[in-house]
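Values quoted throughout were computed directly from the atomic coordinates according to the rules given, and no laboratory measurement underlies them. This one's a predicted model, so the numbers in the text were calculated from it and none came from an experiment. When we count neighbours, we look across all protein chains shown, and the Cβ atoms used for this are built from the backbone with ideal geometry, even at glycine.
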Amino acid sequence: MAESNRRKVELAIVVVIIAALASFLLPALERSRMQIEEAMVQTEAAAIRVELLDRLAHREAFGGDLPQSANPLRWIGRVPEAYLGELDAAPAARNVWYFDTRTEVLVYRFRSSGEARFRLTRGITGANTAGVLAGVGLIRE
């Protein structure tokens with residue numbers, strides 16, 4: 001009987017230790033997930049910028065017209081994973097990309113909360129910003 005009580009106390013101590021460790025680990029994991037999601041968004045935006053610059057360099061070399069759309073994804077002809085399309089209102093879904101037709105910005109809705117908004121610049125707006133060629137680029141708002 002004493003052995004049984006001792007084991008119950010040991011089990012209770014182990015459960016308390018695991019609960020204490022979990023209370024520290026879970027917030028750290030959530031912060032890491034948010035940082036990874038931000039890095040994914042920045043990587044995708046960088047890829048879009050590179051493709052925009054490639055499109056502009058091709059135009060400078062061979063001529064031709066640039067698209068008139070404010071949606072940078074129409075310029076590059078590729079969409080990110082989880083892209084919902086051109087919408088006039090924010091979707092309920094999270095962890096998705098969409099182009100807001102009202103404000104003319106490319107938006108990523110984070111899983112937890114918040115958005116990353118990117119505007120296609122043309123002309124002199126943002127001309128002195130890195131990643132902008134001939135006045136065209138993708139700038140985070």
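Data overview
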| quantity | calculated |
| --- | --- |
| Summed residue charge, Cβ within 14 Å of residue 80's Cβ, Lys/Arg positive, Asp/Glu negative | -1 |
| Which of 53, 2, 80, positive extreme of dipole for the chain (C-beta unit charges) | 2 |
| Length released on extending from residue 88 to residue 59, taking residue separation times 0.36 nm less the Cα-Cα span | 7.4 nm |
| CD proxy at 222 nm, helix term only [per DSSP H run n ≥ 4: -39500 (n - 2.57); per residue of the chain; nearest 500] | -17000 deg cm²/dmol |
| Computed E for residue 43/residue 66 - FRET, C-beta separation, R0 25 angstrom, nearest 0.05 | 0.50 |
| Table column - 3J(HN,Hα) (Hz), segment 51-60, Karplus curve with 6.51, -1.76, 1.60, x for Gly and Pro | 5, 5, 4, 5, 4, 5, 4, 4, 5, 5 |
| Long-range amide H partners of residue 86 with built H, under 5 Å | 99 |
